[in-house]
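The structure under discussion appears below in the form of structure tokens.
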Amino acid sequence: MNSPEDNILAAHQIHREFPTTGGPLPVLKGIDLDVARRETVAVTGASGVGKSTLLHILGGLDRPTKGEVVISGVSLSRQSEKALAMFRNEKVGFVFQFHYLLEDFSARENVAIPLLVAGRGKSEAMSRGELLLGLVGLKDRADHRPHQLSGGEQQRVAVARALANDPDIVLADEPSGNLDTATGRKLHDLLFELNSQQGTTFLIATHNRELAGRCERKLEIVDGVLTNQNTGR
Ligand SMILES: Nc1ncnc2c1ncn2[C@@H]1O[C@H](COP(=O)(O)OP(=O)(O)O)[C@@H](O)[C@H]1O
Ligand SMILES: [Mg+2]
């Protein structure tokens, strides 16, 4: 059994509906989820089922219509926008399908930005940026701008950036969705290596069966709620 301190993320009865011209569109209809420290959890489901919506809510990028998200004992719904932005920067790492690296900055600087935002000094931020790039296998690419990197390398920089403030959980939304199969597989290898070696907790939304199958737990969104799937791992 996990102790309560090991429970990194708890979501209770998350509902999300979007206002549309045809009336409210219910997407999430009562999601309950607990993620323990060091777990790897996959969220699968058909396109349009609400995977991204759920990850945005769990990471505090969007607010639920109803329900509560608690990360490391902190309830997100009680936070002001400003407090939530700070909390996200320090406690949650995000990796998206597209890297969203800043083109005017080097790989090292891109990784260092969340540290600077958190108030760390420049030299400390830059040296940690370099260390994290080493961790994702890009030690010799620190001075490259995003356009001077391959797609797989760009995603690795995005992973390093997600780890900048040593977050409690990394939320990855189709992290290899834009990569070819072989490059995607190398990115998956990196995620599981970080999980086993650094103890990074991952919640990964994906329709990639191989990636989902490598996670300790596989959940599927069906009609707005989560169901358990056996990964057979
Ligand atoms: N801001 C929004 N306004 C209206 N509908 C939205 C909005 N965001 C997402 N949706 C709808 O919610 C559903 C789930 O979307 P999404 O979470 O992106 O699905 P997935 O990531 O599983 O493909 C879709 O039907 C989508 O059109
Ligand atoms: Mg999506």
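The values are calculated or read from the model by the stated rules, or taken from the named source; none is laboratory data. This structure is a prediction, so every number in the text was calculated from the model and none was measured. Cβ atoms come from the backbone with ideal geometry, glycine included; neighbour counts cover every protein chain shown.
Within segment 59-73, the set of residues being of a type outside the set (Gly, Ala, Ser), more than 13 Å from ligand 2 (Cβ to nearest atom) and within 12 Å of residue 14 (Cα to Cα) comprises 63, 64, 65, 66, 68, 69, 70.
Note on segment 1-58: residues that are near ligand 1 (Cβ under 8 Å from one of its atoms) and surrounded by fewer than 16 Cβ atoms within 10 Å (Cβ to Cβ) total 7.
The set of residues in segment 13-51 being under 13 Å from the mean Cα position of the chain (by Cα) and within 13 Å of ligand 2 (Cβ to nearest atom) consists of 43, 51. For segment 213-233, taking the residues that are at pLDDT 95 or above and among the β-branched types (Val, Ile, Thr), the one that is surrounded by the most Cβ atoms within 10 Å (Cβ to Cβ) is identified as 221.
Counting just the residues of segment 1-50 that are in a strand (DSSP E or B) and among the charged types (D, E, K, R), which one comes out nearest to residue 227 (Cα to Cα)? Residue satisfying both the conditions and the ranking: 32. Can you confirm whether residue 61 is within 12 Å of ligand 1 (Cβ to nearest atom), in a helix (DSSP H, G or I) and closer than 17 Å to residue 172 by Cβ? Taking the combined requirement at face value, the residue does not satisfy it.
For residue 109, indicate whether it is charged (D, E, K, R), at pLDDT 95 or above, surrounded by fewer than 18 Cβ atoms within 10 Å (Cβ to Cβ) and over 23 Å from residue 195 (Cβ atoms). Spelling it out, it is not the case that residue 109 is charged (D, E, K, R), at pLDDT 95 or above, surrounded by fewer than 18 Cβ atoms within 10 Å (Cβ to Cβ) and over 23 Å from residue 195 (Cβ atoms).
Could you pull out the residue among 101, 54 that is within 20 Å of the chain's Cα centre (by Cα) and in a helix (DSSP H, G or I)? The match here is 54. Selection over segment 179-212 of residues that are touching a residue at least 40 places away in the same chain (Cβ under 8 Å), crowded, with 17+ Cβ neighbours inside 10 Å and of a type in the set (Gly, Ala, Ser) gives a count of 2. Among the residues of segment 152-174, is there at least one that is within 16 Å of ligand 1 (Cβ to nearest atom) and surrounded by fewer than 22 Cβ atoms within 10 Å (Cβ to Cβ)? Yes.
Yes/no matrix, rows are residues, columns are (1) aliphatic (A, V, I, L, M); (2) closer than 20 Å to residue 174 by Cβ; (3) part of a loop (DSSP other than H, G, I, E, B):
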{"position": "194", "(1), (2), (3)": "yes, yes, no"}
{"position": "200", "(1), (2), (3)": "no, yes, yes"}
{"position": "203", "(1), (2), (3)": "yes, yes, no"}
{"position": "207", "(1), (2), (3)": "no, yes, yes"}
{"position": "211", "(1), (2), (3)": "yes, yes, no"}
{"position": "218", "(1), (2), (3)": "no, yes, no"}
{"position": "221", "(1), (2), (3)": "yes, yes, no"}
{"position": "226", "(1), (2), (3)": "yes, yes, no"}
